[in-house]
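The next block holds one structure in the form of structure tokens; read it before the comments.
The values are calculated or read from the model by the stated rules, or taken from the named source; none is laboratory data. Note that this is a predicted model, so its numbers are computed, not measured. Positions of Cβ are backbone-derived with ideal geometry, glycine not excepted, and every protein chain shown enters the neighbour counts. Only protein heavy atoms, including side chains, enter the accessible area calculation; ligands, DNA and RNA are left aside. Shrake-Rupley method; radii C 1.70, N 1.55, O 1.52, S 1.80 Å.
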Amino acid sequence: MKLYHAPTSPYVRKVMVLLHETDQLADVELHPVATTPISPASDLRAANPLAKIPALERADGATLYDSRVICAYLADRAGNALYAGGWDTRVLEATADGIMEAAVLLSYEKRLRPADKQWPEWIEGQSGKVLGGCAALNTRWMSHLQGPLRIGQIAVACALAYVDFRHPDMGWRNGNEALAEWFAAFDSRPSMQATRPPES
């Protein structure tokens, strides 16, 4: 299999952490791509018509894209219980992915859009989604985060790590002490350490 890969993407990191946790890393060739919404990589577009990462090419089927689809496929392939836990597991992953999406949109706004064209209300709105998601995790989902390893924990950890990476002044830990403590412990896992993005 071939994974279209950029180490700074939180969606790619979610797949990479899962590969480490399920001992499938050796089964996947990493194919680095440099891509943005305004300058998509041509080889990525050929694999995924949406030109988004991650995308997983398989020898025996269509290319998979969207991190949730890829993670579900890889968990099933490994015979792993990462998606056990019913709908709560899915909602927790969706909450984490929503935090990722808002944080990535903030990154695009600040890194790709000229300063004089940036929209403060948009920045505030996306920041509110990140902080609202973190507050919900802290008040509603800690019992799930502290339970057996599921895709929700992987997704949440990758989302929070990305916020720290691109938006270190966001202050998501304020008022979310239980979540911050959980993240500090989870971030020390070998799978998280091995997938830490380079500074850029």
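Overview of values
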read-out: Leading residue by the ranking (surrounded by the most Cβ atoms within 10 Å (Cβ to Cβ)) among those in the stretch 17-38 that are in contact with a strand residue (DSSP E or B) (Cβ under 9 Å, 6 or more places away or on another chain) and either charged (D, E, K, R) or under 17 Å from ARG166 (Cβ atoms) (or both); value: THR35
read-out: Flag for THR22 being among the polar types (S, T, N, Q) and closer than 26 Å to TYR83 by Cα; value: yes
read-out: Failed criterion for ARG150 (all others in (1) touching a helix residue (DSSP H, G or I) at 6+ places or on another chain (Cβ under 6 Å); (2) open to solvent by 40 Å² or more (accessible area, probe 1.4 Å); (3) without any contact (Cβ under 8 Å) to a residue 40 or more places away in the chain hold); value: (3)
read-out: Test result for ARG113, within 16 Å of the chain's Cα centre (by Cα) and either assigned to a helix (DSSP H, G or I) or within 29 Å of TYR4 (Cβ to Cβ) (or both); value: no
read-out: When residues of the stretch 169-183 are limited to those that are touching a helix residue (DSSP H, G or I) at 6+ places or on another chain (Cβ under 6 Å) and either assigned to a helix (DSSP H, G or I) or on the phi > 0 side of the Ramachandran plot (or both), the one most open to solvent (accessible area, probe 1.4 Å); value: ALA178
read-out: Evaluation of LEU92 against (1) modelled with pLDDT under 95; (2) under 30 Å from ALA47 (Cα atoms) (one fails), failing number; value: (1)
read-out: Pairs where the first residue, in the stretch 121-135, is touching a residue at least 60 places away in the same chain (Cβ under 8 Å) and the second is in a helix (DSSP H, G or I) and open to solvent by 70 Å² or more (accessible area, probe 1.4 Å), C-beta under 9 Å, 6+ apart; value: none
